[in-house]
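Colleague: Okay, handing you the structure first.
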Amino acid sequence: MDYTFSDILKEFLVINNLTQTAFAKTVGIKQSQVSEWLKGKAKPGYDLLKKIAVSFGVSADYLLGIKDSF
């Protein structure tokens with residue numbers, strides 16, 4: 001099964017016990033943007049994807065659903 005970015009982000013937040021607000025603050029975006037991602041209405045651009053990966057020490061491949069683990 002192919003996972004969408006919103007599926008992966010939901011799982012990531014649960015695994016890391018993060019709220020949307022805490023995640024948004026770490027990445028430097030508004031919580032409403034995280035909400036849009038979780039609803040599947042939007043996706044992060046390259047720069048934000050890179051910032052998420054660096055901020056949380058995960059690979060972009062994981063966030064994109066290419067790899068199963070971070």
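Colleague: Find the relative contact order for the chain and round it to a whole percent, using C-alpha pairs within less than 8 Å whose residues are 6+ positions apart.
Modeller: 34
Colleague: Given a 1.4 Å probe and the protein chains all in place, what does the accessible area of Asp68 round to, in Å² to the nearest 10?
Modeller: Asp68 has an accessible surface of roughly 150 Å² with all protein chains in place.
Colleague: Here's another thing I want to ask about it. Express the accessible area of the chain per residue in Å², computed with a 1.4 Å probe while the remaining protein chains stay in the model.
Modeller: Per-residue accessible area for the chain comes out at 66 Å².
Colleague: Follow-up. Keeping all protein chains in place and using 1.4 angstrom, which order do Lys67, Lys43, Lys50 fall into by accessible surface area, from largest down?
Modeller: Result, largest first: Lys43, Lys50, Lys67.
Colleague: Can you pull the percent of the chain's accessible area that's carbon plus sulfur, 1.4 Å probe, other chains left in place?
Modeller: With neighbouring chains kept in place, the figure for the chain is 52 percent.
Colleague: In addition: If you wrap a convex hull around the C-alpha atoms of the chain and split its volume per residue, what is the figure in Å³?
Modeller: Value for the chain: 80 Å³ per residue.
Colleague: So if I place +1 on the C-beta of Lys and Arg and -1 on the C-beta of Asp and Glu, and nothing else carries charge, what would the dipole magnitude of the chain be about its Cα centre? I want it in debye, nearest 20.
Modeller: About 300 debye.
Colleague: A further question on this structure: I want the local charge near Asp68. Using Cβ-Cβ distances under 14 Å, sum +1 for each Lys or Arg and -1 for each Asp or Glu among the other residues.
Modeller: So the environment of Asp68 carries a net charge of -3.
The values are calculated or read from the model by the stated rules, or taken from the named source; none is laboratory data. This is a predicted model, so every value here is computed, not measured. Quick reminder, even Gly has a Cβ in these numbers, built from the backbone with ideal geometry, and neighbours come from all protein chains shown. With ligands, DNA and RNA removed, areas are computed over all heavy atoms of the protein, side chains included. Shrake-Rupley method; radii C 1.70, N 1.55, O 1.52, S 1.80 Å.
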